[in-house]
Amino acid sequence: MKNYSKITPEGTRDYLFEESDALRAVERQLADLFKSRGYKKIVTPTIEFFDVFNRESAGTLPEALYTMTDAYGRLLVLRPDSTLPIARVAATRLKGATLPLRLYYNQNVFSRRPKLSGHNDETSQSGIELIGAKGLRADLEVITMAIQALELCGAPDYQIEIGHAGYFKSLCASLSCDEETVSAIYDCLESKNFVALNTVLDEIGQTPVTDAIRNLPRMFGDAQILSEARKVAKGKEAQAALDYLETLYARLQKAGYADRIILDLSLVHRTNYYTGIIFRGYTEGSGVTVLSGGRYDSLISEFGEDLPATGFGINTDDLARAKLRRGDVPKAAPADALVFGEDGFETEALHLQNRLIRQGKTCENGAFDTFEQAKAYAENCGIRNLYRVNADGVQEVVL
């Protein structure tokens, strides 16, 4: 049997030194942003019952889940998403709480990803959920916080794409085809595989609706695209979605974010719980989506409480890697000092180390057999000050 003890599973990785520093820096920056706006931290279990995600609205395929069983044979999963567990908490432990709930999280999610997808199976995410608030004010709060989050993490260039789930759903509702075909259209648009999209639409046949869907990949830009979209989608739901996007874009433009915003009517999400606006964020230095969110007004009702909600999640490990590629994270500096205690003076050396630390220095303990070994280590690591503790007291050696 092959031994895999020296490698990590596919889709996972180790974070070393500056990599882990960059990740923790991003997490701290985002936590400070969220807390400054009244959001409170929530941590949900890494392991959840399969039933939490076994719903059509989750949009999660069973084969994408990491599954296991508990001692009673009940099916468990590593959480593939943070929004559904938080929806569960909102409908149970936080039932009856004063609304709106402002919650933020920083935790890992797990999903089996196709190879070469650009994402790991284990992803570190931070995000917010604004629960119990509906309408324009809540959506503006969440989108502007998404923009501020990307700005705060130092991305020199970023972009937010905004669409509306209602517009695309209204088009699909007008198609004369089965759910499997609609699902294929979703997949093609989400993966931006427009060649495959045309193949699926060709099988349905040419109609005004299929022509409108075929044209979606070109429906992006500023508010002018909404006028063109109104010509091909006459339904009430589609018109309402376009009106809302127009109002939202105008407010974001007034706030000074127009140059960072693109309206994209081809934007869809395989996660089926979105009911209103949906948005994604991209940054320079990362070739994948680093931020994703939207409004989900029906999801929490599936857990027993009818509450509107909106939010977003950020892949913090993607932002951290982008920081490293840009050179935004300095290499860890060597310790200021190394203390070595000769035989019998180990305790005195530890006392000296503590005194130096209280003075604001970073100081390592010399866990070596000889002073020569300690000195060689200090020279190799770039530690400039070496302290030797013995019967003659303390001798400082500057390297």
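Would a scan of region 14-21 turn up a residue that is out of contact with any strand residue (DSSP E or B) (no Cβ under 6 Å at 6 or more places or on another chain), open to solvent by less than 90 Å² (accessible area, probe 1.4 Å) and either of a type in the set (S, T, N, Q) or closer than 19 Å to residue 89 by Cβ (or both)?
So far as region 14-21 goes, yes, one or more of its residues are out of contact with any strand residue (DSSP E or B) (no Cβ under 6 Å at 6 or more places or on another chain), open to solvent by less than 90 Å² (accessible area, probe 1.4 Å) and either of a type in the set (S, T, N, Q) or closer than 19 Å to residue 89 by Cβ (or both).
Which of the residues spanning region 1-38 are outside any loop (DSSP other than H, G, I, E, B), of a type in the set (Asp, Glu) and either in contact with a Lys or Arg (Cβ under 9 Å, 6 or more places away or on another chain) or touching a residue at least 12 places away in the same chain (Cβ under 8 Å) (or both)?
Once the filter is applied, which keeps residues that are outside any loop (DSSP other than H, G, I, E, B), of a type in the set (Asp, Glu) and either in contact with a Lys or Arg (Cβ under 9 Å, 6 or more places away or on another chain) or touching a residue at least 12 places away in the same chain (Cβ under 8 Å) (or both), region 1-38 yields 18, 19, 21, 27.
Could you tell me whether any residue of region 228-249 is part of a helix (DSSP H, G or I), among the acidic types (Asp, Glu) and in contact with a helix residue (DSSP H, G or I) (Cβ under 8 Å, 6 or more places away or on another chain)?
Yes.
Taking region 190-200 only, how many residues are in a helix (DSSP H, G or I) and either of a type in the set (Gly, Ala, Ser) or open to solvent by less than 30 Å² (accessible area, probe 1.4 Å) (or both)?
3
Name the residue that is modelled with the highest pLDDT, counting only residues in region 155-175 that are in a loop (DSSP other than H, G, I, E, B) and open to solvent by less than 30 Å² (accessible area, probe 1.4 Å).
175
Please enumerate the residues belonging to region 39-91 that are at pLDDT 95 or above, assigned to a loop (DSSP other than H, G, I, E, B) and of a type in the set (Lys, Arg).
Passing the criteria: 74, 79.
Results for (1) more than 29 Å from residue 23 (Cα to Cα); (2) buried (at least 17 other Cβ atoms within 10 Å of the Cβ), shown as yes or no for each residue.
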{"site": "229", "(1), (2)": "yes, yes"}
{"site": "243", "(1), (2)": "yes, no"}
{"site": "253", "(1), (2)": "yes, no"}
{"site": "276", "(1), (2)": "yes, yes"}
{"site": "281", "(1), (2)": "no, yes"}
{"site": "292", "(1), (2)": "no, yes"}
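Tell me yes or no: at least one residue of region 176-189 is closer than 30 Å to residue 142 by Cα, modelled with pLDDT under 80, part of a helix (DSSP H, G or I) and aromatic (Phe, Trp, Tyr).
yes
Only residues in region 326-341 that are within 24 Å of residue 387 (Cβ to Cβ) count as the first member; pair them with residues that are assigned to a loop (DSSP other than H, G, I, E, B) and open to solvent by 60 Å² or more (accessible area, probe 1.4 Å), Cβ under 7 angstrom, at least 6 apart or cross-chain, and list the lot.
Short answer, once both residue conditions are applied: 332/17; 335/362; 336/361; 336/362; 337/361; 340/368.
For region 38-56, how many residues are among the charged types (D, E, K, R) and surrounded by fewer than 15 Cβ atoms within 10 Å (Cβ to Cβ)?
Matching residues across region 38-56 total 4.
Identify, please: which residue in region 292-304 is part of a loop (DSSP other than H, G, I, E, B) and either basic (Lys, Arg) or out of contact with any Leu (no Cβ under 9 Å at 6 or more places or on another chain) (or both) and is, among those, nearest to residue 147 (Cα to Cα)?
296
When region 141-198 is examined, which residues are found to be closer than 22 Å to residue 227 by Cα and either acidic (Asp, Glu) or under 27 Å from the mean Cα position of the chain (by Cα) (or both)?
Across region 141-198, the qualifying residues are 160, 161, 162, 163, 164, 165, 166, 167, 168, 169, 189.
Out of all the residues in region 138-153, is one or more surrounded by 20 or more Cβ atoms within 10 Å (Cβ to Cβ), closer than 25 Å to residue 11 by Cα and not polar (S, T, N, Q)?
Scanning region 138-153 turns up at least one residue that is surrounded by 20 or more Cβ atoms within 10 Å (Cβ to Cβ), closer than 25 Å to residue 11 by Cα and not polar (S, T, N, Q).
Is it the case that region 330-351 has a residue that's loosely packed, with under 13 Cβ neighbours inside 10 Å, under 39 Å from the mean Cα position of the chain (by Cα), of a type in the set (D, E, K, R) and modelled with pLDDT under 95?
Scanning region 330-351, I find at least one residue that is loosely packed, with under 13 Cβ neighbours inside 10 Å, under 39 Å from the mean Cα position of the chain (by Cα), of a type in the set (D, E, K, R) and modelled with pLDDT under 95, so the answer is yes.
Quick one: would you say residue 39 is among the hydroxyl-bearing types (Ser, Thr, Tyr) and within 26 Å of residue 114 (Cβ to Cβ)?
In short, no.
What is the one condition in (1) in a loop (DSSP other than H, G, I, E, B); (2) touching a strand residue (DSSP E or B) at 6+ places or on another chain (Cβ under 8 Å); (3) over 30 Å from residue 106 (Cα atoms) that residue 369 does not satisfy?
Here residue 369 clears every test but (2).
May I ask you to list the residues in region 95-116 that are of a type outside the set (Val, Ile, Thr), surrounded by fewer than 16 Cβ atoms within 10 Å (Cβ to Cβ) and over 30 Å from residue 288 (Cα atoms)?
Result: 95, 96, 97, 99.
The values are calculated or read from the model by the stated rules, or taken from the named source; none is laboratory data. Only a predicted model underlies this, so the values are computations on that prediction, with no experimental measurement involved. For neighbour counting, all protein chains shown are included, and Cβ atoms are generated from backbone atoms with ideal geometry for every residue, glycine included. The accessibility values were calculated without ligands, DNA or RNA, using every heavy atom of the protein model including side chains. Shrake-Rupley method; radii C 1.70, N 1.55, O 1.52, S 1.80 Å.
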